[in-house]
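Reviewing the structure listed below.
The values are calculated or read from the model by the stated rules, or taken from the named source; none is laboratory data. Please read these numbers as outputs of a predicted model, since none were measured by experiment. Cβ: placed from backbone, ideal geometry, glycine included. Neighbour counts: every protein chain shown.
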Amino acid sequence: MNAWERCFVRLSLVLLPIIVAGCTTADRGHDPQLVARWDTILNRFEGTGATVTARVVDVSSGRELYAKDIDIPYTPASNMKIPISAAGLDMFGLDHTFDTYLAIDGDDLWVIGTGDPGIGDPRLAKRRGRTTTSVLDDWSNALLARGIRRIGGDLYYWDGALDSQWLNLSWGDDVLHWYGAPTSGLNLNDNCVDITIRPTEVGQPAAYDVMPPVQSITVINECVTGTEHAPTIEKLRGGDIFKLGGTCARSEELKSKPVESPGAFFADAFRTHLASRGIVIGGSIVRAKAPLGGTVPPSADKVVAIHKTTVRDIIGRINTNSQNFFAEAFSKLTGQAYAAKQGRSVPGSWIDGEMAIRTFLRRNGVDDRHFVMADGSGLSDENRLTSRLLTDLFAAMFSRPDGEVFVDSLAKGGINGTLEKRFAGLDGHVFAKTGYIEGVRALSGYVRTYDNRWLSFSIIYNHIPGDVKPYEALQDEAVRELVRWPRWWELK
């Protein structure tokens with residue numbers, strides 16, 4: 001054996017254990033049957049250009065059962081909401097509320113926001129037997145109870161709790177639809193108008209109602225009573241201008257459409273509502289540069305009423321219903337609270353939100369190296385994360401004292417939210433967050449197996465050509481296999 005051969009042997013003896021250790025680390029614990037089943041399912045459309053990352057982890061043991069490209073960053077769509085909601089829950093805790101204040105200062109009336117996304121939200125209101133304008137009724141009643149029927153001064157509103165970047169530059173035409181609504185420090189009805197049309201006489205313009213009633217929008221009504229075409233609604237650029245079209249045969253609520261200036265929209269709706277209750281504001285609507293007295297909350301002796309939204313309500317709307325606007329607000333609120341802990345009193349922003357989430361992930365041992373946050377909802381195609389991040393985060397959240405609340409905030413297969421029509425027959429077994437933008441279909445969450453084991457999983461497809469439905473079906477098939485793990489031969 002010459003010198004080069006001896007050197008090679010020695011080098012091999014040194015490197016082989018390292019190489020073997022590396023391989024076994026990657027493969028350690030993988031379930032061969034699960035790997036075979038999931039590979040067959042997830043790669044069924046291989047060659048179409050679509051790519052997939054996926055991972056499965058046994059939450060109790062930490063055992064990695066399946067892994068595919070788990071450290072390659074993917075566009076997550078609404079799976080971005082998972083770290084947003086988890087970090088926000090950690091930051092604020094279960095008992096925190098976001099408060100919006102009605103106050104009086106001399107002859108002026110004030111509305112002071114703190115970024116609460118839940119004011120007048122239709123789903124939250126309906127759950128409590130209320131409506132979008134119930135909060136405005138509450139506040140009107142509070143003024144009437146004090147004998148106030150006229151405000152001699154102005155109506156001030158402060159919307160500076162969150163920054164002035166209400167929309168993300170990457171959203172494009174999404175800003176014309178409800179799911180691209182702006183986010184500010186003062187919000188109402190998800191910062192959208194809801195228009196309901198009603199038939200009149202055939203061939204005549206349909207009637208319509210606006211919720212909440214406001215004075216500052218323009219409706220171009222080209223919708224005619226009849227049955228020829230479906231009714232339509234379009235938001236035009238350049239203001240709060242909404243165009244109705246098509247024909248109307250019955251009363252129908254059209255798709256929500258966003259407004260452009262949330263705080264001004266709130267103030268307009270409030271002033272209009274006050275007038276309907278016989279309370280007149282003599283002055284103007286004024287956007288305040290600072291909150292009343294310069295602090296939030298305002299002085300207690302000036303407060304007339306407070307609206308509260310809980311953290312539980314917010315994460316439920318984010319994870320069960322995938323409400324973009326709530327996620328955007330929560331990401332910025334989390335960033336604002338993070339900045340405050342660093343001694344910075346600044347409006348909430350996406351930049352500070354990302355810093356807060358990175359800090360939270362690192363503190364929980366979750367690898368954030370490939371995490372990129374362009375927005376809070378996942379609507380931007382510039383967001384990035386990995387299936388390792390999501391599954392490790394789910395595992396970390398599961399063992400926390402608030403873990404049960406976090407799990408409950410997710411959509412439940414066959415029961416509610418974005419999974420209401422998926423996973424029929426698997427009630428109580430699938431708790432997950434969906435995700436969709438063009439070319440992307442994501443599904444990540446928990447599976448409770450028939451053996452009552454809890455698994456965290458993530459399946460994210462990118463670069464899907466055309467319809468995403470076939471890839472959604474693959475996700476569903478893979479998750480159904482997971483519910484039966486590891487006893488496929490017994491559980492048919």
Residue in region 176-186 that is touching a helix residue (DSSP H, G or I) at 6+ places or on another chain (Cβ under 9 Å), part of a strand (DSSP E or B) and not polar (S, T, N, Q) present: no
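Please go through region 178-201 and pick out each residue that is surrounded by fewer than 17 Cβ atoms within 10 Å (Cβ to Cβ) and of a type outside the set (D, E, K, R).
Residues of region 178-201 surrounded by fewer than 17 Cβ atoms within 10 Å (Cβ to Cβ): 196, 198, 200-201.
Correct list: Thr196, Thr200.
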Single match in Ile119, Ile84 (criterion: more than 15 Å from the chain's Cα centre (by Cα) and closer than 17 Å to Glu328 by Cα): Ile119
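Would you check if Phe270 is among the aromatic types (Phe, Trp, Tyr), within 16 Å of the chain's Cα centre (by Cα) and buried (at least 17 other Cβ atoms within 10 Å of the Cβ)?
Working: among the aromatic types (Phe, Trp, Tyr): yes; within 16 Å of the chain's Cα centre (by Cα): no; buried (at least 17 other Cβ atoms within 10 Å of the Cβ): yes.
Considered against the rule, which asks whether it is among the aromatic types (Phe, Trp, Tyr), within 16 Å of the chain's Cα centre (by Cα) and buried (at least 17 other Cβ atoms within 10 Å of the Cβ), Phe270 comes out as no.
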Lone qualifier among Gly129, Gly172 - being over 29 Å from Ile437 (Cβ atoms) and either of a type outside the set (Ser, Thr, Tyr) or in contact with a helix residue (DSSP H, G or I) (Cβ under 8 Å, 6 or more places away or on another chain) (or both): Gly129
Residue check for Gly238: under 28 Å from Ala207 (Cα atoms), modelled with pLDDT under 95 and surrounded by fewer than 22 Cβ atoms within 10 Å (Cβ to Cβ): yes
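Output the residue which, of all residues in region 347-374 that are assigned to a loop (DSSP other than H, G, I, E, B) and in contact with a Gly (Cβ under 9 Å, 6 or more places away or on another chain), is nearest to Pro83 (Cα to Cα). So that I can check it myself, show each step before the final result.
Within region 347-374, the subset assigned to a loop (DSSP other than H, G, I, E, B) is 347, 349, 364-371, 373-374.
Next, only the ones that are in contact with a Gly (Cβ under 9 Å, 6 or more places away or on another chain) stay: 347, 349, 373.
Values: Pro347: 21, Ser349: 16, Met373: 10 Å.
Per the stated criteria, the residue is Met373.
Can you tell me which residue within region 69-90, out of those that are among the aliphatic types (A, V, I, L, M) and assigned to a loop (DSSP other than H, G, I, E, B), is surrounded by the most Cβ atoms within 10 Å (Cβ to Cβ)?
Of all residues in region 69-90, those among the aliphatic types (A, V, I, L, M) come to 70, 72, 77, 80, 82, 84, 86-87, 89.
Still in the running and assigned to a loop (DSSP other than H, G, I, E, B): 70, 72.
Working: Ile70: 22, Ile72: 15.
Going through the qualifying residues, I end up with Ile70.
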Matching residues in region 136-175 - criterion: being in a loop (DSSP other than H, G, I, E, B) and more than 24 Å from Glu382 (Cα to Cα): Arg146, Gly147, Ile148, Arg149, Gly152, Gly153, Asp154, Asp159, Gly160, Ala161
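Residues checked against (1) more than 17 Å from Ser276 (Cβ to Cβ); (2) within 32 Å of the chain's Cα centre (by Cα):
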position: Trp110; (1), (2): yes, yes
position: Ala142; (1), (2): no, no
position: Ile151; (1), (2): no, no
position: Asp174; (1), (2): yes, yes
position: Asp190; (1), (2): yes, yes
position: Ala207; (1), (2): yes, no
Within region 125-135, tally of residues that are surrounded by fewer than 21 Cβ atoms within 10 Å (Cβ to Cβ) and hydrophobic (A, V, I, L, M, F, W, C): 1
Subset of region 245-293 [over 14 Å from Met211 (Cα atoms) and of a type in the set (Val, Ile, Thr)]: Thr247, Ile279, Val280, Ile281, Ile285, Val286
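Please tell me if Gly413 is touching a strand residue (DSSP E or B) at 6+ places or on another chain (Cβ under 7 Å), at positive phi and not hydrophobic (A, V, I, L, M, F, W, C).
On the way: touching a strand residue (DSSP E or B) at 6+ places or on another chain (Cβ under 7 Å): yes; at positive phi: no; not hydrophobic (A, V, I, L, M, F, W, C): yes.
No.
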Residue count for region 438-492, restricted to those that are polar (S, T, N, Q), more than 23 Å from Pro32 (Cβ to Cβ) and surrounded by fewer than 20 Cβ atoms within 10 Å (Cβ to Cβ): 0
Number of the condition not met by Ala264 [criteria: (1) surrounded by fewer than 19 Cβ atoms within 10 Å (Cβ to Cβ); (2) under 30 Å from Gly147 (Cβ atoms)]: (1)
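Does at least one position in region 47-68 carry a residue that is within 30 Å of Ala142 (Cβ to Cβ), under 26 Å from the mean Cα position of the chain (by Cα) and not in a strand (DSSP E or B)?
Restricting attention to region 47-68, the residues satisfying the condition of being within 30 Å of Ala142 (Cβ to Cβ) are none.
Taking every residue of region 47-68 in turn, none turns out to be within 30 Å of Ala142 (Cβ to Cβ), under 26 Å from the mean Cα position of the chain (by Cα) and not in a strand (DSSP E or B).
Return the only residue of Ser331, Ser322 being under 12 Å from the mean Cα position of the chain (by Cα) and under 26 Å from Leu482 (Cα atoms).
Numbers: Ser331 fails: under 26 Å from Leu482 (Cα atoms).
Testing whether each residue is under 12 Å from the mean Cα position of the chain (by Cα) and under 26 Å from Leu482 (Cα atoms) leaves just Ser322.
Which one is surrounded by the fewest Cβ atoms within 10 Å (Cβ to Cβ), of the residues in region 347-376 that are among the acidic types (Asp, Glu) and touching a residue at least 24 places away in the same chain (Cβ under 8 Å)?
In the first step, residues of region 347-376 are kept if they are among the acidic types (Asp, Glu); the result is 352, 354, 367-368, 375.
Going one step further and asking which of them are touching a residue at least 24 places away in the same chain (Cβ under 8 Å), we end up with 367, 375.
Numbers: Asp367: 16, Asp375: 25.
Of everything passing the filter in region 347-376, Asp367 is surrounded by the fewest Cβ atoms within 10 Å (Cβ to Cβ).
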Region 165-219, residues that are free of Cβ contacts under 8 Å to residues at least 12 places away in the same chain and within 27 Å of Arg384 (Cβ to Cβ): Leu169, Gly172, Asp173
Checking Arg344 against (1) surrounded by fewer than 19 Cβ atoms within 10 Å (Cβ to Cβ); (2) more than 27 Å from the chain's Cα centre (by Cα); (3) among the basic types (Lys, Arg), the condition it does not meet: (2)
Failed item in (1) hydrophobic (A, V, I, L, M, F, W, C); (2) more than 25 Å from the chain's Cα centre (by Cα); (3) part of a helix (DSSP H, G or I); (4) farther than 21 Å from Ile112 by Cβ, with Ile197 passing the rest: (3)
Members of region 91-124 found to be surrounded by fewer than 20 Cβ atoms within 10 Å (Cβ to Cβ), at pLDDT 95 or above, closer than 23 Å to Asn319 by Cβ and charged (D, E, K, R), listed by number: Asp99, Arg123
Scan of region 377-403 for residues that are of a type in the set (Ser, Thr, Tyr) and surrounded by fewer than 24 Cβ atoms within 10 Å (Cβ to Cβ), ordered by number: Ser380, Ser399
